[in-house]
Amino acid sequence: MNLTTDQDRLLSEIEALAQISDAEPPAVTRVVFTPTDLKARTWLREKCLQQDLAVRQDAVGNMFARWAGAGTDETAAPVATGSHIDAIPNAGKYDGVVGVLGGLEAIRALQHSGFRPTRSIELILFTSEEPTRFGIGCLGSRMLSGALTAEAARKLTDASGETLEHVRQKADMQGDLESVQLESGHFHAFVELHIEQGPLLERAHVPLGIVESIAAPASYQLIVEGTGGHAGGVLMPDRKDALCAAAEIILTIEEAALASGSLDTVATVGICDVFPAAVNSIPSRVRLTLDLRDTDLARRDKVFRAIENKSRAVSEKRSVSLQFQIVNADAPAICSSTVTDALVRCCSKHNLKFQQIVSRAYHDSLFMSRIAPTGMLFIPCRNGYSHRPDEFASPEDIARGTLILAEALAELSH
Ligand code: GLV
Ligand code: MN
Ligand code: MN
């Protein structure tokens, strides 16, 4: 079998998808179930149909595009690949998109080569890998794996108070959320192509990363309540300023992550909502988000306890109240040797250097690994930049990753 991918077509599709965005280029913003996201989904669906893939969508909007009839054994569990196309505000073009459009190009390469897989091959577009709208990452894959129940999903709301249930129905996602979960064994294997979102491959001058494990993310909301009042009238010693307390808590979080003893511990406060947000009013309430990750679950939990204790000490000292609400606390995933060994063989077949690597970002693979043997293939991205408009992966790296993905799909579906 001689596989060739069309690098120019793939790049022009990445560019075309980047135009479906709510941000000024080169930035990309595509938040789940906005008109822009729905337009991008329609665009992708068309591309899949042009390739004779059979497309279905589940109740939360996960899209499955199957190379139908290709599997010589229609009853065998399919092999799947895919990623997401939603993009956080002010993001780049490649996060998630390389896995979706690269997955489609990989299937095209297999179709054109005349390869006949035993198992069907499916491209998956996962809904809302990014937590932007509903506060929780990997919404689609989380539900597919059963890690998020339909009941819990129904309670999710966006910043304007709209429920997921309402938003998805408005977006014409049919069926009950109960029907989203898939059985373990539904897929024979899952493999996701993604940009590294870190600098290690580029620094090592290695074009491919075979992911061994995916770090464990957790996220929390912190609500700090103090006392508001007139910015002129209330004397400094009498204040219970919620934002000053929040500022101290943020530094405490940074300190706790730095003190963990490992570079694998990372903590980020990405949202700080101040109420009432008036220039001449003392902040009475602040909502912070905390994103805490580690490759080691016990160490992550220990850092969280340190953050909690130190933050409580700050709140007591400043006479404000503090609430921690857990959004999610996921366990890390170990990639399956079924997939990683296949990736190693495919790299060796093409004489390509690779490096075993840990994913410090989370991905839909984190949840797919709960129901299928799962692995990931990383390509470098410039300076490790991601979640910013200047995110960049070179055409050669994208094409190389896509070729190895195609080889791996061939091997796994054989
Ligand atoms: C995924 O986008 C992540 O935040 O790791
Ligand atoms: Mn992302
Ligand atoms: Mn991603």
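The values are calculated or read from the model by the stated rules, or taken from the named source; none is laboratory data. Everything quoted here is computed from the prediction, not taken from an experiment. Every residue, glycine as well, gets a Cβ built from its backbone with ideal geometry; the counts of neighbours run over all protein chains shown. Just the protein is used for accessible areas: all its heavy atoms, side chains included, with ligands, DNA and RNA removed. Shrake-Rupley method; radii C 1.70, N 1.55, O 1.52, S 1.80 Å.
Details
- Positions within region 23-38 being in a helix (DSSP H, G or I) and open to solvent by less than 10 Å² (accessible area, probe 1.4 Å), in sequence order: 37
- Residues (surrounded by 21 or more Cβ atoms within 10 Å (Cβ to Cβ) and away from ligand 2 (no atom under 12 Å from the Cβ)) located in region 355-369: 357, 365, 366, 367, 368, 369
- Yes/no for residue 147 being surrounded by fewer than 22 Cβ atoms within 10 Å (Cβ to Cβ), in contact with a Leu (Cβ under 7 Å, 6 or more places away or on another chain) and of a type in the set (A, V, I, L, M, F, W, C): no
- Which listed residue, of 307, 357, is in contact with a strand residue (DSSP E or B) (Cβ under 8 Å, 6 or more places away or on another chain) and closer than 30 Å to residue 240 by Cα: 307
- Condition check for residue 82 on (1) assigned to a loop (DSSP other than H, G, I, E, B); (2) in contact with an Asp or Glu (Cβ under 8 Å, 6 or more places away or on another chain): one failure, at (1).
- Flag set for residue 333, criterion: within 28 Å of residue 371 (Cα to Cα), in contact (Cβ under 8 Å) with a residue 60 or more places away in the chain and touching a helix residue (DSSP H, G or I) at 6+ places or on another chain (Cβ under 6 Å).
- Taken together, 159, 153 contain a single residue that is among the small types (Gly, Ala, Ser) and touching a Leu at 6+ places or on another chain (Cβ under 9 Å), which is 153.
- Any hit, region 303-322, residues being touching a helix residue (DSSP H, G or I) at 6+ places or on another chain (Cβ under 8 Å), of a type in the set (A, V, I, L, M), under 30 Å from residue 358 (Cα atoms) and outside any helix (DSSP H, G or I): no
- Filter result for residue 65 (of a type in the set (Gly, Ala, Ser) and either over 30 Å from residue 271 (Cβ atoms) or more than 16 Å from ligand 3 (Cβ to nearest atom) (or both)): yes
Let's see how each residue does on (1) away from ligand 2 (no atom under 14 Å from the Cβ); (2) under 25 Å from residue 39 (Cα atoms); (3) open to solvent by 10 Å² or more (accessible area, probe 1.4 Å):
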site	(1), (2), (3)
80	yes, yes, no
90	no, yes, yes
95	no, yes, yes
98	no, yes, no
102	yes, yes, no
108	yes, yes, no
113	yes, no, yes
120	yes, no, no
128	no, yes, no
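- Each residue in region 39-69 was checked for being in contact with a strand residue (DSSP E or B) (Cβ under 8 Å, 6 or more places away or on another chain), surrounded by 14 or more Cβ atoms within 10 Å (Cβ to Cβ), of a type outside the set (Lys, Arg) and outside any loop (DSSP other than H, G, I, E, B), and 9 of them qualify.
- Residues satisfying the criterion are absent from region 339-356 (criterion: aromatic (Phe, Trp, Tyr), in contact with a helix residue (DSSP H, G or I) (Cβ under 9 Å, 6 or more places away or on another chain) and within 16 Å of ligand 1 (Cβ to nearest atom)).
- From the list 326, 271, 282, the one residue that fits, being farther than 30 Å from residue 152 by Cα, in contact with a strand residue (DSSP E or B) (Cβ under 8 Å, 6 or more places away or on another chain) and of a type outside the set (S, T, N, Q), is 282.
- Subset of region 1-22 (residues that are in a loop (DSSP other than H, G, I, E, B) and either open to solvent by 60 Å² or more (accessible area, probe 1.4 Å) or on the phi > 0 side of the Ramachandran plot (or both)): 1, 2, 4, 6, 22
- When each of 224, 211 is tested for being at pLDDT 95 or above, within 16 Å of ligand 2 (Cβ to nearest atom), assigned to a strand (DSSP E or B) and among the aliphatic types (A, V, I, L, M), the lone residue that passes is 211.
- Single residue of region 245-270 satisfying the filter (farther than 13 Å from residue 312 by Cα and hydroxyl-bearing (Ser, Thr, Tyr)) that is surrounded by the fewest Cβ atoms within 10 Å (Cβ to Cβ): 262
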